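Okay, so here's the structure we're looking at.
The values are calculated or read from the model by the stated rules, or taken from the named source; none is laboratory data. Bear in mind that the values here come from a model prediction, so they are computed numbers and not experimental data. We place every Cβ from the backbone using ideal geometry, glycine too, and count neighbours over all the protein chains shown. Accessible surface areas use protein heavy atoms only, side chains included; no ligands, DNA or RNA. Shrake-Rupley method; radii C 1.70, N 1.55, O 1.52, S 1.80 Å.
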Amino acid sequence: MNWNELTARLFPEGHAITESDSFLSGSARVAGADIAVLGTTDHAPIGVEIALAQARFVLRTVREHPGRPILILVDTQGQRLRHRDEMLGINSYMAHLGKCVDLARRSGHRIVGLVYDQALSGGFIASGMMADACYALPDATIRVMGLPAMARITKVPEERLVELAASNPVFAPGPENYARMGGIEAIWDGDLAASLAQAFADAGAPDVRSVRGLERGGRKLAQRVIDAIVAGSDVLAS
């Protein structure tokens, strides 16, 4: 789904979102209130320029519109794989973006992510995954690393990774598998405007992604490890 079609369905009350070099930014009306919108389109690679543009937009929203909800629209092929970006420290730029999103959350902004097309690797982790909750459309493509690349890095045969992906969502792409792991709160189909309004109403609650992963059977140990660490910290504190 292209971003123009998406925004028409998300914002029947109207929006003022523009696109510049695959960077989306602007505002929209949701359930009678203004929200800030940023994101990417055209499977944009996240280089230093887009990372800074997104971070700048978040900081401006915090400064000029305190408490305004923020929507992050995700369509990215991940970080830009160029020598220039690596030499400039693209990891630091993306970390800066993630910290700006966290600053907005700590400053009282409700933040929702929506994967409407493609979400890969660090470009997704530093944006949509930093939201209070992230959602996806049914046809979205989500993966941290493709199985061929994973095979090259881990030295595990690709055929074996394909077998593992059939039963373990950690290895498998797609919104359904990320929902099983708790990384995606829900997959939206139908009335997108109503789904978005409900997402903002639910945002701001404690992070329940590890709880969702346990409930849905996609991440069976994360919440148990968290519980054990918290219990141990409580014992030490007492």
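Yes/no matrix, rows are residues, columns are (1) in a helix (DSSP H, G or I); (2) farther than 18 Å from ALA197 by Cα; (3) open to solvent by 10 Å² or more (accessible area, probe 1.4 Å); (4) out of contact with any strand residue (DSSP E or B) (no Cβ under 7 Å at 6 or more places or on another chain):
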| site | (1), (2), (3), (4) |
| --- | --- |
| ARG9 | yes, no, yes, yes |
| GLU13 | no, no, yes, no |
| VAL37 | no, no, no, no |
| LEU71 | no, no, no, no |
| MET87 | yes, yes, yes, yes |
| MET94 | yes, yes, yes, no |
**Request:** For residues that are modelled with pLDDT under 90 and of a type in the set (Phe, Trp, Tyr), tally how many sit in region 143-195.
**Result:** 2
**Asked** Between a first residue in region 135-149 that is part of a helix (DSSP H, G or I) and a second residue that is of a type outside the set (Val, Ile, Thr) and open to solvent by 20 Å² or more (accessible area, probe 1.4 Å), which pairs have beta carbons less than 6 Å apart while being 6 or more apart in sequence or on different chains?
**Response** LEU147/GLU158; PRO148/GLU158
**Prompt:** Does ARG219 count as more than 25 Å from LEU103 (Cβ to Cβ), touching a helix residue (DSSP H, G or I) at 6+ places or on another chain (Cβ under 7 Å), open to solvent by 20 Å² or more (accessible area, probe 1.4 Å) and part of a loop (DSSP other than H, G, I, E, B)?
**Reply:** yes
**Request:** For SER127, state whether it is touching a residue at least 60 places away in the same chain (Cβ under 8 Å), among the polar types (S, T, N, Q) and surrounded by fewer than 21 Cβ atoms within 10 Å (Cβ to Cβ).
**Result:** no
**Asked** Within region 47-60, is even one residue of a type outside the set (D, E, K, R), assigned to a loop (DSSP other than H, G, I, E, B) and touching a strand residue (DSSP E or B) at 6+ places or on another chain (Cβ under 8 Å)?
**Response** yes
**Request:** For ALA51, indicate whether it is touching a residue at least 60 places away in the same chain (Cβ under 8 Å), among the aliphatic types (A, V, I, L, M) and buried (at least 18 other Cβ atoms within 10 Å of the Cβ).
**Result:** yes
**Item:** Pairs where the first residue, in region 75-104, is more than 14 Å from ALA51 (Cβ to Cβ) and the second is among the acidic types (Asp, Glu), C-beta under 9 Å, 6+ apart
**Value:** ASP75/ASP42; ASP75/ASP117
**Message:** Condition first: of a type outside the set (Phe, Trp, Tyr), over 9 Å from the mean Cα position of the chain (by Cα) and open to solvent by less than 30 Å² (accessible area, probe 1.4 Å). Now tell me which residues in region 111-124 satisfy that.
**Reply:** ILE111, LEU120, SER121, GLY122
**Fill in**
All conditions in (1) open to solvent by 40 Å² or more (accessible area, probe 1.4 Å); (2) touching a strand residue (DSSP E or B) at 6+ places or on another chain (Cβ under 6 Å); (3) not in a helix (DSSP H, G or I) are true of GLY108 except (2)
**Request:** Kindly indicate whether any position in region 181-201 is more than 23 Å from ALA8 (Cβ to Cβ) and either free of Cβ contacts under 8 Å to residues at least 12 places away in the same chain or open to solvent by 60 Å² or more (accessible area, probe 1.4 Å) (or both).
**Result:** no
